[in-house]
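K.L.:
To start, I am sharing the structure in question, which I have written as structure tokens.
FYI, it's all coordinate maths here, none of it is from the lab. Source: prediction; values computed, not measured. Note that we place each Cβ from the backbone using ideal geometry, even for glycine, and neighbour counts take in every protein chain shown.
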Amino acid sequence: MKKAWQDAPQEKLVERVWLVGVSLPKSPIARDQEHIDELGQLATTAGAIVAGKSIQGRTRIDGATFIGAGKAQELKEECKRLDVNLVIFDSDLSPAQARNLEKILGVNVIDRTELILDIFARHAKSQQAKTQVELAQLEYTLPRLRKLWDHLSRQQGGIGTRGPGETQLEVDRRRIRERISRLKKQLKTFERRRDTLRKSRNGIPVVALVGYTNTGKSTLMNSLTGAGTLAENRLFATLDTLTRKVETASRAQILVVDTVGFIRKLPHHLIESFKATLSDIENSDLCLHIVDVSHPGFTEQMEVADKTLQMIRGDDQDICYVFNKIDELDDETLDGLRIRYPSALFISAAKKLGLDELLHAVENKLFGTNLQVEVKVASIDGRAIAAVKRLLRETSSRLEDGHCVFKGVIELRLMEQLENLSGVHVRCIL
Ligand SMILES: Nc1nc2c(ncn2[C@@H]2O[C@H](COP(=O)(O)OP(=O)(O)OP(=O)(O)O)[C@@H](O)[C@H]2O)c(=O)[nH]1
Ligand SMILES: [Mg+2]
């Protein structure tokens, strides 16, 4: 929430905010309530105190002030009474609406997009995430800057007059464009580095943890790998992807990637600039869609995440639904869900429930009940070679530095026997 910080840069100002939602005909009231609660969570994540909130029923949106001039006046009184210094709208406001509202309310006004951009900016840690967020912010600002100055230059009027505002605007716009192209170049170098990393994964399959924000992706990552990733009860705790290796019970190796969470109305500039980070999802062999099944709005969250995933991966995605936080549910609810979603997996990442079943299902999805392996044996070790040939459905073999290297398929249940043969080195491939 930059604007308020700009007003008082020296003080550490805790913003007192008022949240505004609008309920249009046909939108269920429970859902409107969830949406404004989520906006409250976002505001708290950004460090603000929620002083109050309102959901206003309207038949249509007011072009000038979004909520209508009368309602805006009422809101002004409320803001004064509760010492509110920032009003946040759940919907996107046009630059003119935001300006008109600020004039009436006498406090700063921002919308959901600006709030999300602000949180991303605060949470970005790596150079890549910082660059990605700055790019999204500037792309968001650019058209708004034009509209703002258009308005001022009209006020100055006069055909052919090039007022100081307009000149300044051009300078500002040019600077922003230059900065945008510099940031894009920088992101390209990050992408190249990522490509190199990707090539070095050596055929080990990649599983991406995806889903709505705060569903427990990082907690699951930690439980599976002991990665020590930041997991917190706040939105957008993770902005950088993190990859860790996991070994399954049958010793197959997989790479697990923790990713940035999705949210309703995720600003499209953010999706655009986070493309490189999100390409980990695009290039994964399997997505585990983590759902917080204890959340009252989990079905809507699932839909939002599914749609965002479709944008990133297209329709041919291999997705497995993982319902997390089952420790919060009573048995009856859990049974109901198991019937309603028969192919989902049920876990508690925090309490480490259902993780073995999860890994087993992942293995099955990735390898079927067979594993593809590469086996290396000293070429003089006739006994080991014979044993390998007995266990493995061989597809190719070659000689390499005094070793026989076999490629082939093995049933999961036989994997342990193969690995226990002395003098035999086994590697899983996809
Ligand atoms: N009760 C319960 N809480 C859980 C479980 N798994 C995660 N949580 C909590 O849910 C909150 C969010 O967890 P994270 O792992 O940070 O969620 P995330 O999906 O990585 O969130 P973002 O990075 O913000 O997208 C934390 O407070 C966790 O402790 C679970 O199995 N049961
Ligand atoms: Mg996370």
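K.L.:
Given an 8 Å cut-off on Cα distances and at least 6 residues of separation, report the relative contact order of region 2-120 as a percent.
P.N.:
Details: 180 pairs, mean separation 37.3, N = 119.
Dividing the mean separation by the residue count of region 2-120 yields 31 percent.
K.L.:
At 0.36 nm per residue, and after removing the present C-alpha to C-alpha distance, how many nm does the segment from Ala69 to Thr369 gain when stretched out fully?
P.N.:
101.5 nm
K.L.:
Here is a further query. Taking other Cβ within 10 Å of each residue's Cβ, how do Thr299, Thr219 sort, fewest first? Don't skip to the end; give the middle numbers.
P.N.:
On the way: Thr299 12, Thr219 23.
Fewest-to-most Cβ neighbours within 10 Å comes out as Thr299, Thr219.
K.L.:
Which residue fluctuates the most in the chain, going by a Gaussian network model with Cα springs under 10 Å, if the choices are Ala252, Ala344, Ala384?
P.N.:
Of Ala252, Ala344, Ala384, the most mobile in the Gaussian network model is Ala384.
K.L.:
Show me, for region 68-74, the HN-Hα J-couplings you get by feeding each phi into the Karplus relation (A = 6.51, B = -1.76, C = 1.60, θ = phi - 60°), rounded to Hz, glycine and proline as x.
P.N.:
My calculation for region 68-74 gives x, 5, x, 5, 5, 4, 4 Hz in order.
K.L.:
For the chain, take the longest principal axis of its alpha carbons; what is the angle in degrees between that and the long axis of helix 95-105, to the nearest 10 within 0 to 90?
P.N.:
60
K.L.:
Which of the listed residues, Pro143, Ser348, Met221, is farthest toward the dipole's positive end in the chain, when Lys, Arg count +1 and Asp, Glu count -1 at the beta-carbon?
P.N.:
The one lying farthest along the dipole's positive direction is Pro143.
K.L.:
Right, here's the next one. Starting at the first residue of region 116-128, write each ³J(HN,Hα) from the Karplus equation 6.51 cos²θ - 1.76 cosθ + 1.60 with θ = phi - 60°, in whole Hz, x for Gly and Pro.
P.N.:
3J(HN,Hα) across region 116-128, in whole Hz: 5, 4, 4, 5, 4, 5, 5, 8, 5, 10, 6, 4, 5.
K.L.:
Semi-axes of region 308-430's equivalent ellipsoid from the Cα gyration tensor, sqrt of 5 times each eigenvalue, largest first, rounded to whole Å?
P.N.:
Details: eigenvalues 328, 60, 25 Å².
Taking √(5λ) for each eigenvalue gives 41, 17, 11 Å, largest first.
K.L.:
While we're here: If you place +1 on the Cβ of every Lys and Arg and -1 on the Cβ of every Asp and Glu, how big does the dipole about the Cα centre of the chain come out, in debye to the nearest 20?
P.N.:
With Lys and Arg at +1 and Asp and Glu at -1, about 1660 debye.
K.L.:
Helix 331-340 against the longest principal axis of the chain: what's the angle in degrees, Cα atoms only, rounded to the nearest 10?
P.N.:
With both axes taken from Cα atoms, the answer is about 80 degrees.
K.L.:
Can you tell me which of Ile55, Ile290, Ile119 moves the most in a GNM of the chain? Springs connect C-alpha atoms under 10 Å apart.
P.N.:
Highest fluctuation of the listed residues: Ile55.
K.L.:
Now a separate question. Taking 8 Å as the Cα distance limit and 6 or more residues as the minimum spacing, I'd like the relative contact order of the chain as a percentage.
P.N.:
11
K.L.:
Mind computing the radius of gyration and Dmax over the alpha-carbon atoms of region 206-367? Å is fine for both.
P.N.:
Reported Rg and Dmax, both Å: 14.7, 43.
K.L.:
Taking the chain as a Gaussian network, Cα atoms linked when under 10 Å apart, which of Ala387, Ala361, Ala64 shows the biggest mean-square fluctuation?
P.N.:
Among Ala387, Ala361, Ala64, the largest mean-square fluctuation in the Gaussian network model of the chain belongs to Ala387.
K.L.:
Express in nm, to one decimal, how much length is gained between Lys407 and Arg383 on full extension, taking 0.36 nm for each residue of separation and deducting their alpha carbon distance.
P.N.:
Net length gain for the segment: 6.8 nm.
K.L.:
Could you sort the peptides 255-268, 76-89 by per-residue average Cβ neighbour count (10 Å cutoff), highest mean leading?
P.N.:
Order by mean packing, descending: 255-268, 76-89.
K.L.:
Simple spin-label model, 7 Å along Cα-to-Cβ: Thr333 to Leu142 in nm?
P.N.:
Each label point lies 7 Å from its Cα, and together they span 4.6 nm.
K.L.:
Next up: How high is the FRET efficiency between Lys80 and Asp172 when r is their beta carbon distance and R₀ equals 35 Å, given to the nearest 0.05?
P.N.:
After rounding to 0.05, the efficiency reads 0.55.
K.L.:
Viscosity 0.890 mPa s, temperature 25 °C: give me the Stokes-Einstein translational D for the chain in µm²/s, with Rh taken as the Kirkwood radius over C-alpha pairs.
P.N.:
On the way: Rh = 25.0 Å.
It comes out at roughly 98 µm²/s.
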